[in-house]
Amino acid sequence: MKNDKLSNIQRFHYLLSSLKGEPHQLIQNLPISGANFPNAWEPICRRYTNKKLIATQHVNSLLSLPSCQKATAADLRQLSNHVTSNLNALESLQLEMPLHEILLQQLILDKLDSSTRKEFEMQAPNDTFCELKEVTEFLEGRGQVLELMAASKATKGTSHAPKSGQQRLSRSNSYVATTKFKKNI
């Protein structure tokens, strides 16, 4: 809110009248005063200006473009408008990462199982995109951890003392090997 002609109390009234649902609930109990306008404006900005979240929503919209069933002017215009509006929104965010990296990153992350995706998102910054290299490094590291865990489970599943069936098989194999060795001497 940069209109210098408005006082903070006018801004606060305008903000309250403009918000609905959760954003309104966030500030509804603040007493309306000029001094409280910054106390209302800051939490709204903090919660709802996450460039990464906004960009992700626009990227997902681009990745799920509607198909044109017929070659009608209306369908083609609708597709064009869908692409243009999402690209314009992404451009207005002035992201520091190239769009192709954001698109690739989203394609990759959408292919992950929910557990791996959650772990990645918990490590990633909440308000900016990682480098694509960081995503691939995460995948490599996660793969190595899973390999180590699988190897550890396989080792724990193998007992040091052979079971009775294994003992008999082992003894009979030793007997056959010994017999063949003696015949060849």
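Beta carbons closer than 8 Å, at least 6 apart along the sequence or on distinct chains, pair a first residue in the stretch 83-111 that is more than 15 Å from T128 (Cα to Cα) with a second that is part of a helix (DSSP H, G or I) and of a type in the set (G, A, S) for N86/S61. The set of residues in the stretch 117-128 being open to solvent by less than 50 Å² (accessible area, probe 1.4 Å) and either among the acidic types (D, E) or assigned to a helix (DSSP H, G or I) (or both) consists of F120 alone.
Residue-wise test of (1) surrounded by fewer than 13 Cβ atoms within 10 Å (Cβ to Cβ); (2) within 33 Å of the chain's Cα centre (by Cα); (3) free of Cβ contacts under 8 Å to residues at least 12 places away in the same chain.
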position: N3; (1), (2), (3): yes, no, yes
position: H24; (1), (2), (3): no, yes, yes
position: I32; (1), (2), (3): no, no, no
position: P43; (1), (2), (3): no, yes, no
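The condition of being touching a helix residue (DSSP H, G or I) at 6+ places or on another chain (Cβ under 8 Å) and either surrounded by fewer than 13 Cβ atoms within 10 Å (Cβ to Cβ) or of a type in the set (G, A, S) (or both) holds for N60. Filtered by the rule that a residue be in a helix (DSSP H, G or I), open to solvent by 50 Å² or more (accessible area, probe 1.4 Å), under 19 Å from I54 (Cβ atoms) and charged (D, E, K, R), the stretch 77-116 gives E91, D110. When Y48 is tested against (1) closer than 20 Å to S92 by Cβ; (2) open to solvent by less than 60 Å² (accessible area, probe 1.4 Å), only condition (2) is not met. Of the residues in the stretch 129-139, none is β-branched (V, I, T), part of a helix (DSSP H, G or I) and more than 24 Å from Q57 (Cβ to Cβ). P38 fulfils the conditions (1) closer than 27 Å to C130 by Cβ; (2) touching a residue at least 24 places away in the same chain (Cβ under 8 Å) except for a single criterion, (1).
The values are calculated or read from the model by the stated rules, or taken from the named source; none is laboratory data. Being a predicted model, the structure only gives us computed values, none of them experimental. Cβ coordinates were reconstructed from backbone atoms using ideal geometry, including for glycine residues, and neighbour counts include every protein chain displayed. Side chains included, ligands, DNA and RNA excluded: accessible areas come from the protein's heavy atoms. Shrake-Rupley method; radii C 1.70, N 1.55, O 1.52, S 1.80 Å.
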